[in-house]
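Everything on this sheet refers to the single structure shown next.
The values are calculated or read from the model by the stated rules, or taken from the named source; none is laboratory data. Just so you know, these numbers come straight off a predicted model, no measurement behind them. Note that we place each Cβ from the backbone using ideal geometry, even for glycine, and neighbour counts take in every protein chain shown.
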Ligand SMILES: Cc1ncc(COP(=O)(O)O)c(C=O)c1O
Ligand SMILES: [Zn+2]
């Protein structure tokens, strides 16, 4: 099964939403949270997502559509 | 001498052997090189350093290179200049400029990190190095790969300006232009780094690569006569350089090479149009809110910096602060340094000079303190920032009388 390691950054308005739950349920992804820091008005989660290629793509697209920032675990890989 | 313990997770402290890995498998935290300071303490002295070559390799014992240096033998040991004209202009007593705009061979401090990364790539038996970049890093990786006779793959966003493409292509790398949004290019490059057995300097080689920046800090201290300044103002993008300059000072202190107490305050300089680290500092929060960059300081345009949190911690721990510079202030900063000290820096240097000025004017930095301004890149790389600000003052026909008239004209304007 393909896997990706990503870092999700949540804007304030999404902190209260069950984003991770929906990711598992609606996209049939297995998730493995490694580290997170969620405060009252901002948060991030570093996790591994596992699922078939199509499901991963759809899941990531859905997250971005919701306003979640999805980055590789290294964050900005392009350096000026 | 066995000087390395291996790598260590900066978050959970788990240890890893010194191999090309960069993320802790348990917590996904970043890995860092771990040295045997007890051993180093018996070997590294002021005299042993002073006896070394006039390059960053005089600090080789404190860098993660174990064999011979493979590339970039002449990187570093750039001038530290007592900038009295600039000091007078700023109303300060003691200002120094650490001038990496003349770093050999590719005119930015990136040569320090890349020479370490490429040397490690050779040590680990890699035949290909890579990076994803829009500027200074691309130049430096391509140049050092050429010197080391390694293959190189440089990934760039497809819409990059011609000048930057040329300054990389000249070294004959394989240049890959990627069509897509910034986020897409970023993710693709992370996947490529994961899949191919290449030394991606700022991904799988990041723990080694970033150590190279310590040499900038070592040099400041040694060139000041083994003293530390009151303030160091550092341009921040990924946030690694400022963190490593601070680490350098702490290592010198721990090894007994600095005898006086360290009171240096580390200050972060960023553009207003891409300043997530300075925003953290000014809001006094350890939460980094990513931004979409919009600034002429393209070499500092990292919206979601990997070391943002550590840069923030460095500033806090040292008691420093930070300042944002607008595009206008960046240009003014570049012109100020050129006009007062005869040093032409790129936009990143403009950011640093502008930030220094603000920190002095707002009283964060006392005018009687000693100040080091970090100039990290060359102005000839970013001429676009100045084209519409500068023009030839006098245009004349080739006759003496034409010149006489023009000169009289200039003098009357000046009064
Ligand atoms: C000229 C210049 N100065 C400073 C920096 C900032 O370094 P760091 O990414 O380690 O914060 C960069 C690049 O990132 C740069 O190109
Ligand atoms: Zn860890």
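When only residues in the stretch A:54-80 that are out of contact with any helix residue (DSSP H, G or I) (no Cβ under 9 Å at 6 or more places or on another chain) and within 12 Å of chain B (Cβ to nearest Cβ) count, which is farthest from residue B:130 (Cα to Cα)? Among residues in the stretch A:54-80 that are out of contact with any helix residue (DSSP H, G or I) (no Cβ under 9 Å at 6 or more places or on another chain) and within 12 Å of chain B (Cβ to nearest Cβ), the one farthest from residue B:130 (Cα to Cα) is A:61. Against the list (1) assigned to a loop (DSSP other than H, G, I, E, B); (2) more than 22 Å from residue B:100 (Cβ to Cβ), the condition residue B:343 fails is (2). Regarding the stretch B:118-131, can at least one residue be identified that is within 14 Å of chain A (Cβ to nearest Cβ), part of a loop (DSSP other than H, G, I, E, B) and within 13 Å of ligand 1 (Cβ to nearest atom)? So far as the stretch B:118-131 goes, no, none of its residues is within 14 Å of chain A (Cβ to nearest Cβ), part of a loop (DSSP other than H, G, I, E, B) and within 13 Å of ligand 1 (Cβ to nearest atom). Considering (1) more than 16 Å from ligand 1 (Cβ to nearest atom); (2) in a loop (DSSP other than H, G, I, E, B); (3) outside the structural domain of residue B:170 (by TED's automatic domain parsing), the lone condition that residue B:86 does not fulfil carries the number (2).
Scanning the stretch B:279-296 for residues that are in a loop (DSSP other than H, G, I, E, B) and closer than 23 Å to residue A:80 by Cβ gives B:288, B:289, B:290, B:291, B:292, B:293, B:294, B:295, B:296. Determine whether the stretch B:350-364 contains at least one residue that is assigned to a strand (DSSP E or B), more than 14 Å from every other protein chain (Cβ to nearest Cβ), under 16 Å from the mean Cα position of the chain (by Cα) and within 15 Å of ligand 1 (Cβ to nearest atom). No, that holds for no residue. Within the stretch A:53-60, not a single residue is part of a loop (DSSP other than H, G, I, E, B), away from ligand 2 (no atom under 16 Å from the Cβ), touching a strand residue (DSSP E or B) at 6+ places or on another chain (Cβ under 8 Å) and in contact (Cβ under 8 Å) with a residue 12 or more places away in the chain. For the criterion of being in a helix (DSSP H, G or I) and under 18 Å from the mean Cα position of the chain (by Cα), residue B:315 passes. With the structure loaded, tell me whether residue B:125 is modelled with pLDDT of 95 or more, on the phi > 0 side of the Ramachandran plot and away from ligand 2 (no atom under 16 Å from the Cβ) or whether it fails that test. It is true that residue B:125 is modelled with pLDDT of 95 or more, on the phi > 0 side of the Ramachandran plot and away from ligand 2 (no atom under 16 Å from the Cβ).
Could you tell me which residue of the stretch B:2-20 is nearest to the other protein chains (Cβ to nearest Cβ), considering only residues that are touching a helix residue (DSSP H, G or I) at 6+ places or on another chain (Cβ under 8 Å) and more than 16 Å from ligand 1 (Cβ to nearest atom)? Residue satisfying both the conditions and the ranking: B:20.
For the stretch B:4-37: of the residues being away from ligand 2 (no atom under 11 Å from the Cβ) and part of a loop (DSSP other than H, G, I, E, B), which is surrounded by the most Cβ atoms within 10 Å (Cβ to Cβ)? Result: B:22. Scan the stretch B:190-205 and give yes if some residue there is more than 18 Å from the chain's Cα centre (by Cα), surrounded by fewer than 24 Cβ atoms within 10 Å (Cβ to Cβ), in contact (Cβ under 8 Å) with a residue 12 or more places away in the chain and on the phi > 0 side of the Ramachandran plot, otherwise no. Checking the stretch B:190-205: not a single residue is more than 18 Å from the chain's Cα centre (by Cα), surrounded by fewer than 24 Cβ atoms within 10 Å (Cβ to Cβ), in contact (Cβ under 8 Å) with a residue 12 or more places away in the chain and on the phi > 0 side of the Ramachandran plot. Looking across the stretch B:367-395, the residues that are loosely packed, with under 14 Cβ neighbours inside 10 Å and either more than 27 Å from residue B:140 (Cβ to Cβ) or over 40 Å from the mean Cα position of the chain (by Cα) (or both) come down to B:368, B:388, B:389, B:390, B:391, B:392, B:393, B:394, B:395.
Residues that are over 30 Å from residue B:200 (Cα atoms) and crowded, with 20+ Cβ neighbours inside 10 Å do occur in the stretch B:40-57, at least one of them. For the stretch B:234-277, filtering for residues that are away from chain A (no Cβ under 14 Å) and not in a loop (DSSP other than H, G, I, E, B) leaves 19. Restricting the stretch A:33-52 to residues that are assigned to a loop (DSSP other than H, G, I, E, B) and within 12 Å of chain B (Cβ to nearest Cβ), which is nearest to the chain's Cα centre (by Cα)? Once the filter is applied, the top-ranked residue is A:42. When each of B:171, B:182 is tested for being over 29 Å from residue A:48 (Cβ atoms), in contact (Cβ under 8 Å) with a residue 12 or more places away in the chain, over 20 Å from the mean Cα position of the chain (by Cα) and surrounded by fewer than 24 Cβ atoms within 10 Å (Cβ to Cβ), the lone residue that passes is B:171.
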